[in-house]
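Structure first, then comments.
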């Protein structure tokens, strides 16, 4: 049978909730849905405040605007299948729908990685060249960075979907999670998956790994600049402007590294561990980013308080 005929005959994939806890899916959905609602509401609030307040139309907040958009994208893509499994026990997903979901999950993840790197560059310029900050990071430059980050992500992930579509699968394809991830789909492939596996690794190295290395180098340069400042108070002020971004970087990369480690070294770990790590990887950054920036960024916090005060009147 040819690849195209085999693919065409695939009934779809079976998504997995929490094995052994199917009777408690409704109860498990309560905290998960609550986290999704907080993530969506928080990121929408960030977007609304930055868009409406002219005082926040600065490079740092433009990048935060992009970060909130990518977080909303990840939440919106994963929420439907998550609720479908937990609420209605509807575990089947069409092959093409699974590839589309996979495409957007990985695209938004790479976009978020690129935006976090852009935010590190923003902090580097603000600390090293404060007088030239607005002349270096003009609106036009920021738009180019944002478009470049989105194009890179979209073009890197697209071939992965195409390669998966050409592979052979069984009649029943049970995935490990309630959403579609590239490495998870590869597990159920029945034909040679070497090319797809190598390409997936290349995408990770040329996006996440490269961004992580550049992030570390950026903060080494930031730290050198901060340590050269004579005043201790000024050093603390400079570092304080980076705290929110550092928290965002950690909440993104730590779950991602944890999920990669579980996939590689935790093959004997219970399935629930894999599922929890995957959910943490996709849910924690969209949940925590608006909270961190609301708490640690004075301007955002002040606007949120002002917004809620208006709502009470």
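If r is the Cβ-Cβ distance from residue 21 to residue 132 and R0 is 45 Å, what FRET efficiency results, to the nearest 0.05?
Once the sixth-power term is evaluated, E becomes 0.20.
Is it possible to state the helix-based mean residue ellipticity at 222 nm for the chain, with each DSSP H run of 4+ residues giving -39500 (n - 2.57), the sum divided by total residues, to the nearest 500 deg cm²/dmol? What is it?
-25500 deg cm²/dmol
Treat the count of other C-beta atoms within 10 Å as a stand-in for reagent exposure and order 98, 91 from fewest to most.
Going from sparsest to densest Cβ surroundings: 91, 98.
Using the alpha-carbon atoms, what tilt in degrees (0 to 90, nearest 10) does helix 59-88 show relative to the longest principal axis of the chain?
Approximately 30 degrees, to the nearest 10.
When a footprinting reagent is the concern and you count Cβ atoms within 10 Å, what order do 236, 215 take, fewest first?
Going from sparsest to densest Cβ surroundings: 236, 215.
When a footprinting reagent is the concern and you count Cβ atoms within 10 Å, what order do 190, 264, 303 take, fewest first?
Taking fewest neighbouring Cβ atoms as first place, the list is 264, 190, 303.
I want to verify a result. In a Gaussian network model of the chain, Cα cutoff 10 Å, which of these has the top mean-square fluctuation: 255, 290, 271?
In the Gaussian network model the winner is 271.
For a test of the definition: using alpha carbon positions, the gyration tensor, and the 1.5 limit on a/c, classify region 177-313 as rounded, prolate or oblate.
oblate
Do you know the relative contact order of the chain, to the nearest whole percent, from alpha carbon pairs under 8 angstrom that are 6+ apart?
27
Helix 243-265 against the longest principal axis of the chain: what's the angle in degrees, Cα atoms only, rounded to the nearest 10?
For helix 243-265, the angle is close to 20 degrees.
Compute the acute angle (0 to 90°) between the alpha-carbon long axis of helix 298-312 and the principal axis of greatest extent of the alpha-carbon atoms of the chain; round to the nearest 10°.
80
Every number here is computed from the coordinates shown, using simple stated rules; none is lab data. Model, not experiment: these values are computed from the prediction. Ideal geometry is used to build each Cβ from the backbone, glycine not excepted, and the neighbour counts take in all protein chains shown.
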